[in-house]
Amino acid sequence: MTARRPAIGVLCCNERIDRPVQVVATRFIDPLSRIAGATVLLVPAITDSSDLPAVAERLDGLLLTGSRSHVAPHRYGAEAVGDDTRLDEARDEVALRLAGHMIERGQPVFGICRGFQQINVLFGGSLSSEVCRGRHHRGADAGFDDQFAHCHAIDLVDHGVLATATGQRRAIVNSVHEQGVDRLGDGLRVEAVAADDGLIEAISARPCGGDVLAVQWHPEWDGASGGANRAFFDLIGRSLHATGTHLGRM
């Protein structure tokens with residue numbers, strides 16, 4: 001009998017392409033299947049469209065992806081600056097509620113870029129564009145490939161999850177974000193910081209027995225390259241399989 005692959009939920013984003021649509025970039029799905037060995041289930045970011053506690057029961061883990069939208073400032077006690085139309089309030093609501101349910105159940109939750117920022121907010125942290133000083137994004141006018149080619153070095157924290165998984169103290173990662181962690185959420189451990197300005201680049205926690213791991217960069221852009229990118233998806237796979245086994249699903 002073929003072993004069951006663990007199921008990971010991937011949260012969609014709300015976009016409008018002639019009509020309202022739920023969107024997930026294909027590049028997030030491929031390494032979850034190929035490297036982490038997971039079955040990917042898309043979760044609509046539509047408020048009140050799903051019984052989120054029931055969804056949490058059916059998943060082995062959750063990934064909050066990156067997105068072109070920003071986390072709404074009121075979620076971390078800040079006021080909106082100017083007319084920022086790049087918000088996705090429905091995604092914020094579903095992501096924070098579903099991730100909260102998963103963590104309380106001891107199930108793993110992971111985040112990439114915007115998802116990393118949402119996890120920090122879930123733990124009571126805050127965000128800021130000032131901490132990035134304009135150095136962590138190539139600019140909206142740059143082409144898509146050029147934006148993801150913008151890279152910098154990060155330092156992995158000694159004895160941390162990523163440092164242990166890679167056996168490295170430094171890595172080169174892409175940088176495609178306009179906001180970053182200002183105040184670190186309660187109970188979160190810093191896993192990596194930018195080598196040039198010390199901005200937090202990765203966080204982890206195990207508040208209720210399940211792994212929480214999130215990175216500010218986009219490891220899915222080149223997940224097969226090894227190093228910290230590959231390690232992120234390897235760690236997702238290990239956590240998912242451990243959870244599925246614990247729940248008697250594997």
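Tabulated data for the structure shown
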{"item": "GNM result for the chain, Cα springs below 10 Å: residue of 192, 80, 90 fluctuating most strongly", "result": "80"}
{"item": "Loop-located GluC sites (Glu not before Pro) in region 157-204 whose Cβ has at most 14 other Cβ within 10 Å (DSSP)", "result": "178"}
{"item": "Amide H contacts of residue 182 (H built 1.01 Å from N, under 5 Å, at least 5 apart or other chain)", "result": "126, 127, 128"}
{"item": "Sequence-distant residues sharing a close amide H with residue 217 (under 5 Å, placed H)", "result": "113"}
{"item": "Solvent-accessible area per residue, Å², over the chain with all protein chains present [probe radius 1.4 Å]", "result": "45"}
{"item": "Label selected from (i) 18.1, 56; (ii) 16.8, 51; (iii) 17.0, 57, the criterion being Rg and Dmax of the Cα atoms in Å as computed here", "result": "(iii)"}
{"item": "Karplus (6.51, -1.76, 1.60) ³J(HN,Hα), θ = phi - 60°, over region 119-129, in Hz, Gly and Pro reported as x", "result": "5, 4, 5, 4, 8, x, x, 10, 10, 7, 8"}
{"item": "In order through region 52-58: 3J(HN,Hα) via Karplus (6.51 cos²θ - 1.76 cosθ + 1.60), integer Hz, x for Gly, Pro", "result": "5, x, 5, 4, 4, 5, 8"}
{"item": "For region 178-190, Karplus couplings with θ = phi - 60° (6.51, -1.76, 1.60), whole Hz, Gly/Pro x", "result": "9, 10, x, 5, 9, 9, 6, x, 4, x, 8, 9, 6"}
{"item": "Long-range HN-HN contacts of residue 197 with modeled amide H, under 5 Å", "result": "none"}
{"item": "Accessible-area composition of the chain, carbon plus sulfur, in percent [1.4 Å probe]", "result": "49"}
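The values are calculated or read from the model by the stated rules, or taken from the named source; none is laboratory data. None of these values were measured; they are calculated from a predicted model. Neighbour counts run over all protein chains shown; Cβ positions are idealised from the backbone, glycine included. In case anyone asks, the SASA skips ligands and DNA or RNA and just uses the protein heavy atoms, side chains included. Shrake-Rupley method; radii C 1.70, N 1.55, O 1.52, S 1.80 Å.
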